[in-house]
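Quick notes on the structure that follows.
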Amino acid sequence: MPPADPGPAPLRLGGRTLGRFAIMAVVNRTPDSFFDRGATFGFDAALAAAGRAVAEGADIIDIGGVKAGPGDEVDVAEELRRVVDLVAAVRERHPEVVISVDTWRAEVGEAVAAAGADLLNDTWGGPDPRLAEVAAAHGTGLVCAHAGGLDPRTRPHRVGYRDVVDDVIGHVVAEAERAVALGVPRESILIDPAHDFGKNTRQSLEITRRLGELTATGWPVLVAVSNKDFIGETLGQPVEKRGVGTMAVLGISAWLGARVFRVHDVAGARRALAAVGALTP
(Lines give C-alpha, C1' and ligand atoms only; values in the text may rest on other atoms or scores of the structure.)
Protein backbone atom coordinates (compact mmCIF):
# COMPACT_ATOMS: atom_id res chain seq x y z
CA MET A 1 0.00 0.00 0.00
CA PRO A 2 1.53 3.37 -0.99
CA PRO A 3 2.23 5.87 1.79
CA ALA A 4 -0.37 8.51 2.48
CA ASP A 5 0.01 11.78 0.58
CA PRO A 6 1.66 14.18 3.06
CA GLY A 7 -0.10 17.13 1.40
CA PRO A 8 1.45 20.39 0.31
CA ALA A 9 4.62 21.67 1.93
CA PRO A 10 4.03 24.25 4.66
CA LEU A 11 4.06 27.86 3.50
CA ARG A 12 4.51 30.53 6.17
CA LEU A 13 4.81 34.23 5.50
CA GLY A 14 4.70 37.00 8.07
CA GLY A 15 3.92 34.53 10.82
CA ARG A 16 0.85 33.31 8.93
CA THR A 17 0.38 29.80 7.56
CA LEU A 18 -1.18 30.00 4.12
CA GLY A 19 -3.67 27.45 2.88
CA ARG A 20 -3.86 25.38 -0.26
CA PHE A 21 -4.45 28.37 -2.54
CA ALA A 22 -3.39 31.95 -1.75
CA ILE A 23 -4.26 35.08 -3.70
CA MET A 24 -1.56 37.72 -4.26
CA ALA A 25 -3.07 41.04 -5.33
CA VAL A 26 -1.11 43.41 -7.58
CA VAL A 27 -0.78 47.03 -6.42
CA ASN A 28 1.61 48.99 -8.65
CA ARG A 29 2.83 52.48 -7.74
CA THR A 30 3.92 53.07 -11.30
CA PRO A 31 2.64 55.63 -13.83
CA ASP A 32 3.10 53.24 -16.76
CA SER A 33 1.85 49.81 -15.67
CA PHE A 34 0.90 47.68 -18.67
CA PHE A 35 -2.50 46.82 -17.14
CA ASP A 36 -3.83 49.76 -15.11
CA ARG A 37 -1.81 52.48 -16.86
CA GLY A 38 -1.09 54.36 -13.66
CA ALA A 39 -4.45 54.05 -11.91
CA THR A 40 -2.74 53.25 -8.59
CA PHE A 41 0.34 55.44 -8.99
CA GLY A 42 -0.88 57.98 -6.47
CA PHE A 43 -0.31 57.10 -2.82
CA ASP A 44 -3.98 57.38 -1.80
CA ALA A 45 -5.11 55.38 -4.83
CA ALA A 46 -2.60 52.64 -4.08
CA LEU A 47 -3.60 52.46 -0.42
CA ALA A 48 -7.27 52.27 -1.40
CA ALA A 49 -6.53 49.52 -3.92
CA ALA A 50 -4.79 47.52 -1.20
CA GLY A 51 -7.84 47.93 1.01
CA ARG A 52 -10.20 46.73 -1.73
CA ALA A 53 -7.99 43.70 -2.38
CA VAL A 54 -8.02 42.76 1.30
CA ALA A 55 -11.81 43.14 1.40
CA GLU A 56 -12.11 40.86 -1.65
CA GLY A 57 -10.08 38.13 0.02
CA ALA A 58 -6.45 38.72 -0.93
CA ASP A 59 -3.98 36.89 1.28
CA ILE A 60 -0.96 38.84 0.01
CA ILE A 61 -0.59 42.41 -1.30
CA ASP A 62 2.27 42.67 -3.81
CA ILE A 63 3.51 46.25 -4.06
CA GLY A 64 5.67 47.28 -7.00
CA GLY A 65 7.43 50.53 -7.77
CA VAL A 66 9.00 49.77 -11.16
CA LYS A 67 7.28 48.68 -14.37
CA ALA A 68 8.51 45.26 -15.46
CA GLY A 69 8.97 46.17 -19.11
CA PRO A 70 11.15 48.82 -20.75
CA GLY A 71 10.33 52.43 -19.96
CA ASP A 72 11.56 55.48 -18.10
CA GLU A 73 14.46 54.85 -15.78
CA VAL A 74 13.56 54.40 -12.11
CA ASP A 75 16.59 54.66 -9.86
CA VAL A 76 16.87 53.27 -6.34
CA ALA A 77 15.87 56.55 -4.69
CA GLU A 78 12.68 56.83 -6.76
CA GLU A 79 11.75 53.18 -6.19
CA LEU A 80 12.18 53.70 -2.46
CA ARG A 81 10.01 56.81 -2.58
CA ARG A 82 7.24 54.88 -4.28
CA VAL A 83 7.13 51.78 -2.11
CA VAL A 84 8.47 52.27 1.44
CA ASP A 85 5.79 54.60 2.78
CA LEU A 86 3.09 52.52 1.13
CA VAL A 87 4.38 49.34 2.78
CA ALA A 88 4.33 51.08 6.17
CA ALA A 89 0.79 52.38 5.61
CA VAL A 90 -0.58 49.01 4.47
CA ARG A 91 1.13 47.36 7.44
CA GLU A 92 -0.54 49.80 9.84
CA ARG A 93 -3.98 49.61 8.24
CA HIS A 94 -4.04 45.86 7.50
CA PRO A 95 -1.90 44.08 10.11
CA GLU A 96 -3.33 40.69 9.16
CA VAL A 97 -2.31 40.70 5.49
CA VAL A 98 0.99 39.44 4.08
CA ILE A 99 2.89 42.25 2.35
CA SER A 100 5.14 41.48 -0.61
CA VAL A 101 7.33 43.88 -2.55
CA ASP A 102 8.22 43.28 -6.18
CA THR A 103 11.89 44.30 -6.42
CA TRP A 104 15.24 42.91 -7.51
CA ARG A 105 17.30 45.48 -5.57
CA ALA A 106 18.85 44.65 -2.19
CA GLU A 107 18.71 48.30 -1.09
CA VAL A 108 14.96 48.34 -1.64
CA GLY A 109 14.55 44.96 0.02
CA GLU A 110 16.36 46.23 3.11
CA ALA A 111 14.14 49.31 3.40
CA VAL A 112 10.82 47.59 2.83
CA ALA A 113 11.64 44.75 5.22
CA ALA A 114 12.32 47.36 7.89
CA ALA A 115 8.97 49.01 7.01
CA GLY A 116 7.01 45.79 7.49
CA ALA A 117 7.22 43.69 4.31
CA ASP A 118 6.97 39.92 4.77
CA LEU A 119 8.06 38.76 1.30
CA LEU A 120 10.58 39.92 -1.31
CA ASN A 121 9.35 39.07 -4.80
CA ASP A 122 12.34 39.04 -7.15
CA THR A 123 10.75 38.48 -10.55
CA TRP A 124 14.07 38.88 -12.39
CA GLY A 125 15.70 35.70 -11.15
CA GLY A 126 18.37 36.98 -8.79
CA PRO A 127 20.42 39.65 -10.60
CA ASP A 128 21.41 41.03 -7.17
CA PRO A 129 22.53 38.08 -5.03
CA ARG A 130 22.44 40.30 -1.93
CA LEU A 131 18.63 40.26 -1.94
CA ALA A 132 18.58 36.74 -0.54
CA GLU A 133 20.98 37.89 2.17
CA VAL A 134 18.56 40.68 3.06
CA ALA A 135 15.69 38.18 3.29
CA ALA A 136 17.77 36.00 5.59
CA ALA A 137 18.79 38.92 7.81
CA HIS A 138 15.20 40.11 8.25
CA GLY A 139 13.47 36.72 8.32
CA THR A 140 11.31 37.57 5.31
CA GLY A 141 10.18 35.21 2.62
CA LEU A 142 11.69 35.16 -0.87
CA VAL A 143 10.40 34.42 -4.36
CA CYS A 144 13.01 32.67 -6.52
CA ALA A 145 12.10 33.25 -10.17
CA HIS A 146 13.50 32.50 -13.63
CA ALA A 147 14.10 35.16 -16.27
CA GLY A 148 16.59 33.35 -18.48
CA GLY A 149 19.48 35.54 -17.38
CA LEU A 150 17.96 38.75 -18.75
CA ASP A 151 18.85 42.08 -17.25
CA PRO A 152 15.88 43.67 -15.43
CA ARG A 153 13.38 45.48 -17.63
CA THR A 154 14.65 44.02 -20.89
CA ARG A 155 12.84 41.77 -23.35
CA PRO A 156 14.20 38.57 -24.90
CA HIS A 157 15.27 38.43 -28.53
CA ARG A 158 14.92 35.02 -30.17
CA VAL A 159 15.38 33.32 -26.81
CA GLY A 160 15.93 29.58 -26.97
CA TYR A 161 16.20 26.74 -24.46
CA ARG A 162 17.03 23.11 -24.98
CA ASP A 163 14.15 22.45 -22.58
CA VAL A 164 12.55 25.52 -21.01
CA VAL A 165 11.03 23.64 -18.06
CA ASP A 166 14.33 21.94 -17.20
CA ASP A 167 16.05 25.33 -17.38
CA VAL A 168 13.46 26.89 -15.08
CA ILE A 169 13.63 24.08 -12.53
CA GLY A 170 17.42 24.05 -12.47
CA HIS A 171 17.61 27.77 -11.82
CA VAL A 172 14.83 28.28 -9.29
CA VAL A 173 15.72 25.22 -7.21
CA ALA A 174 19.37 26.31 -7.05
CA GLU A 175 18.28 29.81 -5.98
CA ALA A 176 15.94 28.37 -3.35
CA GLU A 177 18.62 26.08 -1.91
CA ARG A 178 21.08 28.98 -1.83
CA ALA A 179 18.54 31.06 0.08
CA VAL A 180 18.09 28.28 2.64
CA ALA A 181 21.85 28.04 3.06
CA LEU A 182 21.95 31.78 3.74
CA GLY A 183 19.28 31.43 6.42
CA VAL A 184 15.97 32.17 4.70
CA PRO A 185 13.34 29.90 6.29
CA ARG A 186 12.59 27.00 3.94
CA GLU A 187 8.86 27.33 4.57
CA SER A 188 8.99 30.98 3.43
CA ILE A 189 10.44 30.37 -0.04
CA LEU A 190 8.42 30.24 -3.27
CA ILE A 191 9.52 29.38 -6.78
CA ASP A 192 8.13 31.17 -9.84
CA PRO A 193 8.64 30.17 -13.49
CA ALA A 194 7.96 33.83 -14.40
CA HIS A 195 5.84 33.46 -17.51
CA ASP A 196 6.88 35.91 -20.27
CA PHE A 197 10.10 36.90 -18.46
CA GLY A 198 12.83 35.75 -20.82
CA LYS A 199 10.28 33.59 -22.64
CA ASN A 200 8.11 33.75 -25.73
CA THR A 201 4.47 32.68 -25.90
CA ARG A 202 5.26 29.10 -26.91
CA GLN A 203 7.61 28.72 -23.96
CA SER A 204 5.16 30.24 -21.47
CA LEU A 205 2.47 27.85 -22.67
CA GLU A 206 4.86 24.92 -22.32
CA ILE A 207 5.59 25.90 -18.73
CA THR A 208 1.86 26.00 -18.00
CA ARG A 209 1.27 22.56 -19.51
CA ARG A 210 4.13 21.08 -17.50
CA LEU A 211 3.66 23.03 -14.29
CA GLY A 212 3.29 19.75 -12.44
CA GLU A 213 7.01 19.22 -12.90
CA LEU A 214 7.67 22.39 -10.90
CA THR A 215 5.23 21.50 -8.16
CA ALA A 216 6.84 18.04 -7.96
CA THR A 217 10.05 19.68 -6.71
CA GLY A 218 8.32 20.18 -3.36
CA TRP A 219 8.78 23.97 -3.37
CA PRO A 220 5.55 26.01 -3.28
CA VAL A 221 4.94 27.44 -6.75
CA LEU A 222 3.78 30.99 -7.48
CA VAL A 223 2.23 31.75 -10.86
CA ALA A 224 2.06 35.33 -12.13
CA VAL A 225 0.10 35.09 -15.37
CA SER A 226 -2.59 37.75 -14.95
CA ASN A 227 -3.40 39.42 -18.29
CA LYS A 228 0.07 38.67 -19.63
CA ASP A 229 1.16 38.83 -23.25
CA PHE A 230 1.28 35.07 -23.78
CA ILE A 231 -2.44 34.93 -22.98
CA GLY A 232 -3.16 37.87 -25.24
CA GLU A 233 -1.16 36.44 -28.13
CA THR A 234 -2.74 33.01 -27.74
CA LEU A 235 -6.28 34.43 -27.82
CA GLY A 236 -5.62 37.41 -30.07
CA GLN A 237 -6.90 39.79 -27.40
CA PRO A 238 -5.71 43.16 -26.07
CA VAL A 239 -4.82 43.52 -22.42
CA GLU A 240 -8.28 44.63 -21.32
CA LYS A 241 -9.89 41.46 -22.76
CA ARG A 242 -7.61 38.81 -21.27
CA GLY A 243 -9.57 38.16 -18.09
CA VAL A 244 -11.24 34.93 -19.21
CA GLY A 245 -7.95 33.55 -20.50
CA THR A 246 -6.30 34.48 -17.22
CA MET A 247 -8.89 32.54 -15.22
CA ALA A 248 -8.42 29.50 -17.46
CA VAL A 249 -4.66 29.52 -16.88
CA LEU A 250 -5.18 30.03 -13.13
CA GLY A 251 -7.49 27.01 -13.04
CA ILE A 252 -5.02 24.79 -14.88
CA SER A 253 -2.19 25.99 -12.66
CA ALA A 254 -4.17 25.28 -9.50
CA TRP A 255 -5.12 21.83 -10.79
CA LEU A 256 -1.42 21.11 -11.35
CA GLY A 257 -0.51 22.15 -7.81
CA ALA A 258 0.37 25.86 -7.81
CA ARG A 259 -0.08 27.50 -4.42
CA VAL A 260 0.06 31.30 -4.88
CA PHE A 261 -1.61 33.27 -7.68
CA ARG A 262 -0.59 36.85 -8.48
CA VAL A 263 -3.62 38.59 -9.99
CA HIS A 264 -5.29 41.88 -10.82
CA ASP A 265 -8.84 40.53 -10.28
CA VAL A 266 -8.91 39.21 -6.72
CA ALA A 267 -12.64 38.42 -6.53
CA GLY A 268 -12.65 36.60 -9.86
CA ALA A 269 -9.57 34.58 -8.98
CA ARG A 270 -11.06 33.65 -5.62
CA ARG A 271 -14.16 32.22 -7.34
CA ALA A 272 -12.12 30.35 -9.93
CA LEU A 273 -9.90 28.76 -7.31
CA ALA A 274 -12.92 27.82 -5.20
CA ALA A 275 -14.28 25.94 -8.20
CA VAL A 276 -10.99 24.09 -8.65
CA GLY A 277 -10.94 23.26 -4.95
CA ALA A 278 -14.44 21.79 -5.17
CA LEU A 279 -13.37 19.54 -8.06
CA THR A 280 -10.25 18.08 -6.43
CA PRO A 281 -9.77 15.93 -3.35
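Things worth noting here:
- Check on Gly160, touching a Gly at 6+ places or on another chain (Cβ under 9 Å), more than 16 Å from Thr217 (Cβ to Cβ) and not aliphatic (A, V, I, L, M): no
- A residue that is over 20 Å from Leu182 (Cα atoms) and part of a strand (DSSP E or B) cannot be found anywhere in region 74-96.
- Pairing residues of region 103-128 that are touching a residue at least 12 places away in the same chain (Cβ under 8 Å) with residues that are in a helix (DSSP H, G or I) and among the charged types (D, E, K, R), at Cβ distances under 6 Å and at least 6 apart in sequence or on separate chains, gives Ala106/Arg130; Val108/Glu79; Gly116/Arg91; Gly126/Glu175.
- If you check Val172, Val159 for being among the β-branched types (Val, Ile, Thr), under 21 Å from Ser204 (Cα atoms) and modelled with pLDDT under 95, only one passes: Val159.
- Condition met for Ala68 (under 28 Å from Asp229 (Cβ atoms), at pLDDT below 95 and open to solvent by 40 Å² or more (accessible area, probe 1.4 Å)): yes
- Looking only at region 218-271, residues that are within 22 Å of Gly64 (Cα to Cα) and of a type outside the set (A, V, I, L, M) come to 17 in all.
- Of all the listed residues (Phe261, Phe230), the sole one being part of a helix (DSSP H, G or I) and aromatic (Phe, Trp, Tyr) is Phe230.
- Considering only residues in region 179-225 that are within 17 Å of Val134 (Cα to Cα) and in a helix (DSSP H, G or I), the one that is nearest to the chain's Cα centre (by Cα) turns out to be Ser188.
- Residue within region 91-98 that is under 29 Å from Thr215 (Cβ atoms), of a type in the set (Val, Ile, Thr) and at pLDDT 95 or above present: yes
- Candidates Ala132, Ala174: the one that is surrounded by fewer than 22 Cβ atoms within 10 Å (Cβ to Cβ) and either in contact with a strand residue (DSSP E or B) (Cβ under 9 Å, 6 or more places away or on another chain) or in a helix (DSSP H, G or I) (or both) is Ala174.
- Candidate set: region 29-48, residues that are outside any loop (DSSP other than H, G, I, E, B) and touching a residue at least 24 places away in the same chain (Cβ under 8 Å); chosen: the one least open to solvent (accessible area, probe 1.4 Å): Ala46
- Subset of region 135-153 [more than 18 Å from Val164 (Cβ to Cβ), open to solvent by 10 Å² or more (accessible area, probe 1.4 Å) and out of contact with any helix residue (DSSP H, G or I) (no Cβ under 6 Å at 6 or more places or on another chain)]: Ala137, Gly139, Asp151, Pro152, Arg153
- Among the residues making up region 75-105, those that are open to solvent by 10 Å² or more (accessible area, probe 1.4 Å) and of a type in the set (A, V, I, L, M) are Val76, Ala77, Leu80, Val84, Ala88, Ala89.
- Gly126 small (Gly, Ala, Ser), open to solvent by 10 Å² or more (accessible area, probe 1.4 Å), part of a loop (DSSP other than H, G, I, E, B) and within 17 Å of Gly141 (Cβ to Cβ): yes
The values are calculated or read from the model by the stated rules, or taken from the named source; none is laboratory data. None of the values given here were measured: they were computed from a predicted structure. FYI the Cβ positions are ideal-geometry reconstructions off the backbone, even for glycines, and counts take in every protein chain you see. Surface accessibility is based on the protein's heavy atoms, side chains included, excluding ligands, DNA and RNA. Shrake-Rupley method; radii C 1.70, N 1.55, O 1.52, S 1.80 Å.
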